[in-house]
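S.K.: Below is a structure I'd like to ask you about.
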């Protein structure tokens, strides 16, 4: 997952969240539930992890996925905390928006997990790139270069 931090309407910082890629999460779910890759992605996109939008109680499948994903979600929280600490050392770099990219960002509830892990409330948007037939073969880290460009395009569209 790639995170771009927006400060005063400009993307100021982009980083690949180490070990928070979709493949790590997919592998854990596939092994635990004995699913094929396509089935796994479908289950994760439909059910998400934990609570549904608006705080509605999670389904049994969402709860199970949250339990399986707990180590990955904890790692995501640690990476976000580390990023926040770094940004606090830069004067005038208080984020007012975050944009996520990558396969993990597109999963149901990813933005909510990132929003909840942030020390202060910050809007979290999910950006996606058009999918091509070879997109799955490429590393998720390839999206890191597109983070600032997507943030700029998103900010321009909001004006």
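S.K.: Roughly how many nanometres apart are two label points built 7 Å out from the Cα toward the Cβ at residue 85 and residue 42?
M.R.: 4.2 nm
S.K.: To continue, here is another question. Would you order 4, 94, 26 from fewest to most other beta-carbon atoms within 10 Å of each residue's own beta-carbon?
M.R.: Ranking 4, 94, 26 by Cβ neighbours within 10 Å, fewest first, gives 94, 26, 4.
S.K.: At a 10 Å Cβ-Cβ cut-off, how would you order 19, 125, 60, fewest neighbours first?
M.R.: Taking fewest neighbouring Cβ atoms as first place, the list is 60, 19, 125.
S.K.: To make sure I understand, if each residue's beta carbon is the centre and we count other beta carbons within 10 Å, what order do 49, 13, 86 fall in, fewest to most?
M.R.: Ordered by Cβ neighbours within 10 Å, fewest first: 86, 13, 49.
Just so you know, all these numbers are worked out from the coordinates, no wet-lab data involved. The structure presented is a predicted model; accordingly, all values stated were derived computationally and were not measured. Positions of Cβ are generated from backbone atoms using ideal geometry, with glycine treated the same way; all protein chains shown enter the neighbour counts.
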